[in-house]
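Data block below; observations after.
The values are calculated or read from the model by the stated rules, or taken from the named source; none is laboratory data. Note that the structure is a prediction, hence the values are computed from the model and not measured. Positions of Cβ are backbone-derived with ideal geometry, glycine not excepted, and every protein chain shown enters the neighbour counts.
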Amino acid sequence: MQLRLDAADRLVELVEERRGPVAAEEAACRLFALRRAPAGLARSLLAEVVDTDARLSWRGDTVARLTAVIAPDGLVGRIVDVRAGSSVVQVLTDPASTVGAHVVRTRTPGIIEGEPRGTLRFKYMARDGSGIQVGDVVVTSGLGGLFPGGIPIGRVRTIDDRGSALFSYAQVTPAVDFARIDEVLLLTGGAARDVAASFRSDG
């Protein structure tokens, strides 16, 4: 995925070129509302997506390794390598990606893992997950200090109950459509511990 830091009006132009004026206006409103949200996302950089490869790069400001990358719908991933003129982003669906998370409704803690086929699964202690249901929302936990808590990750699609096994798994549909990202924010610091209020709530 290729990114370029750019002016806000350029982001709007890009979305309009790809999806039309209505989509451009909606995307701009969502992105700026997210950036100005009271929950603490003000210290961020706008970036334009110019390629959907597994690599994010841009011209302009230097961004630190492990910077969180988000879209208006939720978490995209993190920067794992900074190079001259570009940086590599590990997206959520990367098999090497793991993110601390919990189910909003039950508060069940666990880990979101990327899978080779480009999907997500939620790994949790079987004893903690008896109440998880299809459709439950999974968000970042905020533990570890890498990502603020409350960033949407996805919704539970199916549950793999492994009986007496220590861990159970749930397949999760990502909140972000990685094939249709036009605009993102890079969280450059100062985010609140929990930023759930910055995102739309669909239940």
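Of the residues making up region 150-177, those that are assigned to a strand (DSSP E or B) and touching a helix residue (DSSP H, G or I) at 6+ places or on another chain (Cβ under 7 Å) number 2. A single entry from 151, 70 fulfils the requirement of being crowded, with 17+ Cβ neighbours inside 10 Å, in contact (Cβ under 8 Å) with a residue 24 or more places away in the chain, within 23 Å of residue 194 (Cα to Cα) and in contact with a Gly (Cβ under 7 Å, 6 or more places away or on another chain): 151. In region 150-173, the residue that is modelled with the highest pLDDT out of those that are touching a Ser or Thr at 6+ places or on another chain (Cβ under 7 Å) and within 13 Å of residue 70 (Cβ to Cβ) is 153. Comparison of 170, 165 shows that the only residue that is in contact with a Phe, Trp or Tyr (Cβ under 6 Å, 6 or more places away or on another chain) and either surrounded by 13 or more Cβ atoms within 10 Å (Cβ to Cβ) or not acidic (Asp, Glu) (or both) is 170.
Restricted to strands (runs of 3 or more DSSP E) entirely inside region 75-131, those with at least 3 residues that are hydrophobic (A, V, I, L, M, F, W, C) and touching a strand residue (DSSP E or B) at 6+ places or on another chain (Cβ under 7 Å) are 86-91, 98-103, 120-125. Which residues, taken from region 87-108, are surrounded by fewer than 16 Cβ atoms within 10 Å (Cβ to Cβ) and not β-branched (Val, Ile, Thr)? If the condition is that a residue be surrounded by fewer than 16 Cβ atoms within 10 Å (Cβ to Cβ) and not β-branched (Val, Ile, Thr), then 95, 96, 105, 107 are the ones that fit.
Using the structure shown, decide if residue 79 is surrounded by fewer than 22 Cβ atoms within 10 Å (Cβ to Cβ), outside the structural domain of residue 168 (by TED's automatic domain parsing) and either at positive phi or in contact (Cβ under 8 Å) with a residue 12 or more places away in the chain (or both). Yes.
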